[in-house]
Amino acid sequence: MTPNFDKIHNRFRLNGKHYTFDDLKEVAYSFIKEGLPFEKEIGDFLSHWLDNSNYILAKTSGSTGKPKTIKMHKQAMVNSAIATGDFFNLQPGNSALLCLPATYIAGKMMLVRALVLGLEIDSVQPTTNPIFDPEKHYDFVAMIPAQAEKTLHRLSNIKTLIIGGAPLSNPLRLKLENLKTGVFETYGMTETITHIALKQLKSDGPQYFNILPNITISQNNKACLVIDAPLLTNKKIITNDVVKLHSKTTFEWLGRADHVINSGGVKLFPEQIEAKLQSKIKSRFFITSEDDKTFGSVAILVIEAENTSLDAHVFSSLTPIETPKSVYAIPAFAETSSGKVNRHKTLKLLKK
């Protein structure tokens, strides 16, 4: 028997108002026909969530390859919402803020959590500097790093903030650690129905990702993370993320396997080098590699700028082998559809 998803939690609120199943279908229709672009995205999602199918379609961000559309089973999304609710002890009537686009999985799942757990959710335009009432208490909010950076002075009334979509820079991490807000970095992807692990930002002690309930992790022969989440997907997910396992339920993310630079037998993780440079370079940049006769490959830096002029002290925190052997400038980076830097396309532009 195919489960239906026509039950709306009696504590669910959208922008302060409760809706029955039929009412919410009308709201979705109204958003699609008359709403602002971000409201149309919400309407599209609600319309598909409330239809007779047992799945929805979701777009991947394109950060690890060509963007694609995949099927996501609604029951798996419900399971994911319950796992997050259990982890954070979210209760019916808790308040939430939707400031992410409903086009992508993170935004969709905020709505599913509200519908399933009975949260009172407010929606605002999902810009990098979302406008919301800083005096209103929110129990649960999800953001990308750029949003957290821009709204840092307005986060004090948020109880729990989860941040994902891109790695956190060290300067932002330090700022977030000083907040009374409980801030968690997420690990996940569209294929895992948003996050499957969370890491609380705190100034003392190790900061490892902790997996959610009913999930098992392991590594393959390339030291990449393998995820077994039977309540979310019916097959194991072999990621391209190199990790270090610290226990059966915790791991440390090192970097992307396809980004690793083998320089004279030493493995360099660009993401770790980038983290050391974040506070010293104001423009967007990334670390990659080029061929070298002596070492096979060496690290280089690509910066979004008109020229390559950088002060020598920028690289003072790096070891000699980590230090970029060349710096290349390009006026504008290529981006994915979700606004992330597309390294592959950017390098193609650089070579033209």
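The values are calculated or read from the model by the stated rules, or taken from the named source; none is laboratory data. None of these values were measured; they are calculated from a predicted model. Quick reminder, even Gly has a Cβ in these numbers, built from the backbone with ideal geometry, and neighbours come from all protein chains shown. Ligands, DNA and RNA are stripped out before the accessible areas are found, and what is left, the full protein with its side chains, is counted by its heavy atoms. Shrake-Rupley method; radii C 1.70, N 1.55, O 1.52, S 1.80 Å.
Candidates are the residues of segment 204-257 that are within 18 Å of the chain's Cα centre (by Cα) and charged (D, E, K, R); the one that is surrounded by the fewest Cβ atoms within 10 Å (Cβ to Cβ) is Glu252.
Grab the strands (runs of 3 or more DSSP E) fully contained in segment 35-135, keeping just those with 1 or more residues being of a type outside the set (Phe, Trp, Tyr), under 17 Å from Ile8 (Cβ atoms) and open to solvent by less than 50 Å² (accessible area, probe 1.4 Å).
Details: elements: 55-59, 69-73, 95-98, 120-123.
Output list reads 55-59, 95-98, 120-123.
Between Lys348, Lys282, the distinction of being of a type in the set (Lys, Arg), over 25 Å from Gln147 (Cβ atoms) and open to solvent by 40 Å² or more (accessible area, probe 1.4 Å) belongs to Lys348 only. Residues in segment 22-49 that are aliphatic (A, V, I, L, M), closer than 21 Å to Val116 by Cα and over 22 Å from the mean Cα position of the chain (by Cα): Leu24, Val27, Ala28. Within segment 294-316, being aliphatic (A, V, I, L, M), assigned to a helix (DSSP H, G or I) and either under 15 Å from Glu274 (Cα atoms) or in contact (Cβ under 8 Å) with a residue 40 or more places away in the chain (or both) holds for one residue alone: Val314.
The residues on offer are Ala166, Ala142, and the sole one that is more than 20 Å from Lys17 (Cβ to Cβ), open to solvent by 20 Å² or more (accessible area, probe 1.4 Å) and in contact with a helix residue (DSSP H, G or I) (Cβ under 7 Å, 6 or more places away or on another chain) is Ala166. Of the residues making up segment 52-81, those that are polar (S, T, N, Q) and at pLDDT 85 or above number 6. Taken over segment 1-34, the residue count meeting the criterion of being in a helix (DSSP H, G or I) and open to solvent by less than 90 Å² (accessible area, probe 1.4 Å) is 8.
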